[in-house]
C-alpha cells in the first residue's frame, strides 16, 4: 500500500493506493491546520480500510505550490518520517 498526498490549488487530498489503483481517499479542507490534521486523517483512512501503519510502504507528496510553502514542507516531513520509521520493520 501507498499513500499519496496531493496539494493542488490549496486543497489537500490523501489517496490510499495499491498497485497504482486508488482504494480510498480523504480530503483536508483547511490547509492552515495541516500540521494538526494530517496524521489523524491518515489514521482514519487506514482504520476505515482495516489497515495498520505497517501496511503502508511509502508516502508520496505532489504539490503545485513548490517546496518553499509550509503546507508542502509539512507533507514532505511526514513522508520522510514515515520512511525513517519503516527502517526498524525491515529486520522483522
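Read-outs throughout are calculated quantities, based only on the coordinates presented, and are distinct from any laboratory measurement. All of these numbers come straight from a predicted model, not from anything done at the bench. FYI the Cβ positions are ideal-geometry reconstructions off the backbone, even for glycines, and counts take in every protein chain you see.
Quick check: pseudo-label points 7 Å beyond the Cα along Cα→Cβ at residue 18 and residue 41, how many nm apart are they?
Distance between the two pseudo-spin positions: 2.3 nm.
For Cα pairs less than 8 Å apart in space and 6+ apart in sequence, what is the mean separation divided by the residue count of the chain, i.e. the relative contact order in percent?
On the way: 128 pairs, mean separation 27.5, N = 92.
Reported as a whole number, the value is 30 percent.
For the chain, what does the equivalent ellipsoid look like in terms of its semi-axes, each the square root of 5 times an eigenvalue of the Cα gyration tensor, given largest first in whole Å? Working shown, then result.
On the way: eigenvalues 89, 46, 28 Å².
Sorted largest first and rounded, they come to 21, 15, 12 Å.
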